[in-house]
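The values are calculated or read from the model by the stated rules, or taken from the named source; none is laboratory data. No experiment lies behind these values; they were computed from the predicted model shown. Here Cβ is always computed from backbone atoms with ideal geometry, including for glycine, and neighbour counts include all displayed protein chains.
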Amino acid sequence: MKRERPLVIPVFTPQEGCPHRCVYCDQGTITGVTRPNWSRASLQAYVEDFLVRSRRHPVEVAFYGGSFTLLPWTRQAFFLEAVQGFLQQGRVQSLRLSTRPDAVSSQSLTFLQAMGVRTVELGVQSLNDRVLAASARGYTSLEVVQATGRLRDSRFRVGFQLMPGLPGEGRATFLETVDKSMTIRPDFVRLYPTVVLSGTILEDLYRRGSYRPLSLPEAVDWCKEALLRLSRNSIPVIRMGLQTGPTLERPGAIMAGPHHPAFGQLVKSALWYDRISPDLAEVSRGSPEPIIRVHPSDLADVRGHRNGNISRWLTEMSLPRLDVISSPEIPPGEFRVTSGQSRRPSSVVRCGPQAESILRQGQDE
Ligand code: SF4
């Protein structure tokens, strides 16, 4: 049975409680909030507004942006107590927050558990100690393993946020981080390719020529491989790329790096390209005008951002014409390539549930 997508109500607390200055970080720009000024009443009104506008279920309130467990106890209690009424009424089922791997003490977990927190997202970023040091993260990969163990012992769901393209990282090191993540087994992963935000230490490094961000094709390639590996190990990737917003899109906010408003789609389209190309090449040898049929929900990703896959196939296979058609009878995640002349199926590919699940990743919980 298809699990209903939960409603996640995001409450941003940028850099509140965070004494660190990681080289890439400007939480104000990432979250679009520079001066959080929540009162109990404004926070409750904000949550209420989401609840009356959506019928999705279950509902989770998520505290994102800073290092929640580094906030003073009174500030943590302020946020969590403000939403207790919604939990007690059954209108919100659970709470989620993000924090650093070195800010997860047993004492704080007892408190979070009692307040209804069920999911903790760790800003892991890398499991390579040299990369962590070059990014001024201030903890080691061992601390990530230990923090995940404590969270698991206390029965929290654990999410990892990973940042391909940090200083000192290559494709091989990043994929080692992905492989190590698979052994630690978070419940889900987010992939945020590193971008150079203005006003950060990374901007200085970039301007001095000491840091080169990934190109967009490199970031898509790395994330495509990560998505394949994680999905084959049944670890969902729930988001790829930073959420676009007015602050992030402000001219000059991003100095450099592989930011794209449809980054997740670029990665999924690249996967479709790889899967379909061999069959398309085979069918197009006998028919210059082949047809690709896919389920309607897959159409946009198969065509690619701004029809990018179609343009690539037309050029690389020297095709005069290529139709990608929405066909409700094709199961989601599958495709069929037919000869345009005969209109009869000449190739049917059953990808199976695993491939389907890979191509359905990247949707925020
Ligand atoms: S720990 Fe998180 S919030 Fe603090 S500076 Fe680093 S990335 Fe930013």
Hey, Val131 hits all of (1) farther than 28 Å from Asp49 by Cα; (2) part of a strand (DSSP E or B); (3) hydrophobic (A, V, I, L, M, F, W, C) but one; which does it fall short on? (2)
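Working carefully through the options Asp301, Asp279, find the one that is in contact with a Ser or Thr (Cβ under 8 Å, 6 or more places away or on another chain), farther than 17 Å from Gln265 by Cβ, at pLDDT 95 or above and assigned to a helix (DSSP H, G or I). Please lay out each step first, then the result.
Numbers: Asp301 fails: farther than 17 Å from Gln265 by Cβ.
It is Asp279.
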Would you pick out the residues in region 233-254 that are more than 13 Å from the chain's Cα centre (by Cα) and either at pLDDT 95 or above or under 29 Å from Leu322 (Cβ atoms) (or both)? Asn233, Ser234
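Residues are listed down the side, and each one gets a yes or a no for (1) within 22 Å of Glu249 (Cβ to Cβ); (2) modelled with pLDDT of 95 or more; (3) not polar (S, T, N, Q):
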{"residue": "Ile9", "(1), (2), (3)": "no, yes, yes"}
{"residue": "Glu16", "(1), (2), (3)": "no, no, yes"}
{"residue": "His20", "(1), (2), (3)": "no, no, yes"}
{"residue": "Gln27", "(1), (2), (3)": "yes, no, no"}
{"residue": "Val33", "(1), (2), (3)": "yes, no, yes"}
{"residue": "Ala41", "(1), (2), (3)": "no, yes, yes"}
{"residue": "Gln44", "(1), (2), (3)": "no, yes, no"}
Out of Phe160, Phe174, I need the residue that is in a helix (DSSP H, G or I) and either more than 19 Å from the chain's Cα centre (by Cα) or touching a residue at least 24 places away in the same chain (Cβ under 8 Å) (or both). Which one? Phe174
